[in-house]
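To start, the structure itself, in structure tokens.
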Amino acid sequence: MKHLVLLHGWAGHSEWWGDFATQLSQHYRVTLIDLPWRDNLEAISDAIVTELDDEPFYLLGWSLGGTVALDIAVRYSNRVQGVILMATNPCFIATESWAGMPFETFDAFAEQLHTNPSATLQRFLALQLHGLPAFLKNMKARVATKPTPKLSDLETSLSLLKISDLRSVFKNLMCPIAAILSDNDALIPIEIGKQMQTLQPNLQLTILKNAGHIPFVTQPENCLNAIHTFLDGTR
């Protein structure tokens with residue numbers, strides 16, 4: 001049975017996966033990880049791999065979890081059999097040649113977080129489900145199952161997202177790789193789909209319609225189908 005390690009996003013925890021992880025566990029050996037908040041990406045990756053046994057594994061990284069997944073994949077290439085990036089941008093901040101979040105927007109959000117963490121996190125959750133309010137109550141319940149990370153950890157991990165540019169890692173990754181994006185994600189521009197395919201022509205790209213930034217909640221069946229297609233096609 002293939003081993004699939006799930007890595008959640010910024011400000012989240014492993015319970016965010018909810019029923020989706022249960023559905024995956026019917027087909028794969030699933031390991032849920034609560035991201036260990038550290039000062040740098042390498043330390044986070046090392047701490048995660050230390051939690052795993054010596055068997056090879058696949059990574060499913062959602063949002064910031066996808067950034068961590070790419071770092072693990074390149075630094076532990078002998079262990080990682082494949083990577084699935086869900087609502088993830090290898091370079092989160094926009095550049096002249098790459099679609100992403102504008103620098104000014106990111107900094108304004110970071111300032112709001114510092115000034116009023118609770119209200120900012122509530123707005124952030126709503127933003128992830130932009131246009132899909134029917135799922136908000138369910139997600140609030142999942143969020144409440146574990147404590148929110150400390151403000152210092154939130155700010156540190158947000159800074160990592162700001163400075164991490166893993167496009168070269170993504171381009172040169174040797175293991176099979178897939179990406180699941182949504183056409184209405186308020187955080188990840190859909191334009192990066194083509195840009196990612198340019199860097200990785202063998203990328204298995206799935207673009208969902210109206211799934212927002214948390215597609216495993218809003219469209220679990222479509223996400224499961226994409227994951228099954230990818231994993232069934234790998235050794």
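On the stretch given as region 1-25, residues that are assigned to a loop (DSSP other than H, G, I, E, B) and in contact (Cβ under 8 Å) with a residue 60 or more places away in the chain total 7. Considering region 102-140, and only residues there that are closer than 17 Å to Trp10 by Cβ and β-branched (Val, Ile, Thr), the residue that is surrounded by the most Cβ atoms within 10 Å (Cβ to Cβ) turns out to be Thr120.
Taking every residue in region 129-148 that is in contact (Cβ under 8 Å) with a residue 12 or more places away in the chain and on the phi < 0 side of the Ramachandran plot and pairing it with any residue that is surrounded by 13 or more Cβ atoms within 10 Å (Cβ to Cβ) and of a type in the set (Lys, Arg), at least 6 positions away or on another chain, yields no pair with a Cβ-Cβ distance below 7 Å. Of the residues making up region 54-109, those that are of a type in the set (Gly, Ala, Ser), out of contact with any Gly (no Cβ under 7 Å at 6 or more places or on another chain) and assigned to a helix (DSSP H, G or I) number 3. The number of residues in region 169-192 being over 21 Å from Phe106 (Cβ atoms) and of a type outside the set (A, V, I, L, M, F, W, C) comes to 4. Could you please find all residues in region 117-128 being free of Cβ contacts under 8 Å to residues at least 40 places away in the same chain and within 23 Å of Ile93 (Cβ to Cβ)? Within region 117-128, Pro117, Thr120, Arg123, Leu125, Ala126 qualify. Considering (1) over 19 Å from Asp183 (Cβ atoms); (2) in contact with a helix residue (DSSP H, G or I) (Cβ under 9 Å, 6 or more places away or on another chain); (3) at pLDDT below 95; (4) of a type in the set (A, V, I, L, M, F, W, C), the lone condition that Ala141 does not fulfil carries the number (2). Scanning region 34-41 turns up one or more residues that are under 24 Å from Asn172 (Cα atoms), touching a residue at least 60 places away in the same chain (Cβ under 8 Å) and surrounded by fewer than 23 Cβ atoms within 10 Å (Cβ to Cβ). Consider region 18-40 and keep the residues that are of a type in the set (Phe, Trp, Tyr) and over 23 Å from Ser118 (Cβ atoms). The one that is nearest to the chain's Cα centre (by Cα) is Phe20. Does any residue of region 194-217 turn out to be of a type in the set (Lys, Arg) and part of a helix (DSSP H, G or I)? Taking every residue of region 194-217 in turn, at least one turns out to be of a type in the set (Lys, Arg) and part of a helix (DSSP H, G or I). When you look at Phe230, is it surrounded by 13 or more Cβ atoms within 10 Å (Cβ to Cβ), within 15 Å of the chain's Cα centre (by Cα), of a type in the set (Phe, Trp, Tyr) and at pLDDT 95 or above, yes or no? Answer is no for this residue.
If the condition is being under 27 Å from Asn116 (Cβ atoms) and in a helix (DSSP H, G or I), then region 155-185 contributes Glu155, Thr156, Ser157, Leu158, Ser159, Leu160, Leu161, Lys162, Ile163.
Against the condition modelled with pLDDT of 95 or more and surrounded by fewer than 20 Cβ atoms within 10 Å (Cβ to Cβ), how does Ser45 come out, does it pass? Spelling it out, it is not the case that Ser45 is modelled with pLDDT of 95 or more and surrounded by fewer than 20 Cβ atoms within 10 Å (Cβ to Cβ). Reported count of residues in region 200-219, each being touching a residue at least 60 places away in the same chain (Cβ under 8 Å) and either surrounded by fewer than 18 Cβ atoms within 10 Å (Cβ to Cβ) or among the hydroxyl-bearing types (Ser, Thr, Tyr) (or both), is 2. Per the conditions (1) of a type outside the set (Phe, Trp, Tyr); (2) farther than 25 Å from Asp34 by Cβ; (3) surrounded by fewer than 17 Cβ atoms within 10 Å (Cβ to Cβ), the sole criterion not satisfied by Arg167 is (3).
The values are calculated or read from the model by the stated rules, or taken from the named source; none is laboratory data. Just so it is clear, the model here is predicted, and its values are computed rather than measured. Methodologically, a virtual Cβ is constructed for each residue, glycine included, from the backbone with ideal geometry; neighbour enumeration extends over all protein chains shown.
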